[in-house]
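Values quoted throughout were computed directly from the atomic coordinates according to the rules given, and no laboratory measurement underlies them. Predicted model, so just to flag it, every value in this text is computed and none were measured. Virtual Cβ from ideal backbone geometry, glycine too; neighbours counted across all protein chains shown.
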Amino acid sequence: MVRRTEETEERVDSRPSDSDKQGWIATLEELHALAEERRADGWTVLTTQAGDTAPVPPETGDTDRFGLVHVVPGDDADELTELLADGTIDEFEAYRRTVNATCFLITELRDTERRECVLVATAYDLGEADALASHAADVGHIYTRIRRLDGTPVAEIRHEAYEKLLPASTTE
């Protein structure tokens, strides 16, 4: 969508750039390849694409509510709730690439005992991650928070190795 700004009368194109589109396409290709690899190794796999992700720093007085917050579709939220009902996420891995000012990320959440994993593909603006990265460095961990569109919590996973989820420029 192209729009004019009131202040400058210049044209601002708010559509993703071609390189951002290619970054997302590559992320989805990697998501599907990882899922097939896990399935071939005998894992039960749930894949989802977050409709929105926000790097959320702690609010004043509420230092426990921070992390990467992913909003997932309702059907995927239902499957994730069912998958987590009897299991425990005990391992995670992150696969990321940075294109321009966007971090494209796949977070793999594993229940190794039950051989189940969730792969969440997402993208977030690096400029929004600085405050979160600073806080994570101070406290030594970060959370992955998965929510429904209406804000209902689906899952919350604590990660000690927070650096995997944030590009190096935001964790230094």
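Test each condition in (1) touching a Leu at 6+ places or on another chain (Cβ under 7 Å); (2) over 21 Å from Ala26 (Cβ atoms); (3) of a type in the set (S, T, N, Q) for Thr122 and report the one that comes out false.
Every listed condition holds for Thr122 apart from (2).
Keeping to region 59-93, report how many residues are crowded, with 20+ Cβ neighbours inside 10 Å, in contact with a helix residue (DSSP H, G or I) (Cβ under 8 Å, 6 or more places away or on another chain) and assigned to a strand (DSSP E or B).
Here the count works out to 2.
Can you tell me which condition His135 does not meet? The list is (1) buried (at least 18 other Cβ atoms within 10 Å of the Cβ); (2) under 13 Å from the mean Cα position of the chain (by Cα), and all the others hold.
Every condition holds for His135 apart from (2).
Has region 130-153 got at least one residue that is under 20 Å from Thr27 (Cα atoms), touching a strand residue (DSSP E or B) at 6+ places or on another chain (Cβ under 9 Å) and part of a helix (DSSP H, G or I)?
Checked region 130-153: no residue is under 20 Å from Thr27 (Cα atoms), touching a strand residue (DSSP E or B) at 6+ places or on another chain (Cβ under 9 Å) and part of a helix (DSSP H, G or I).
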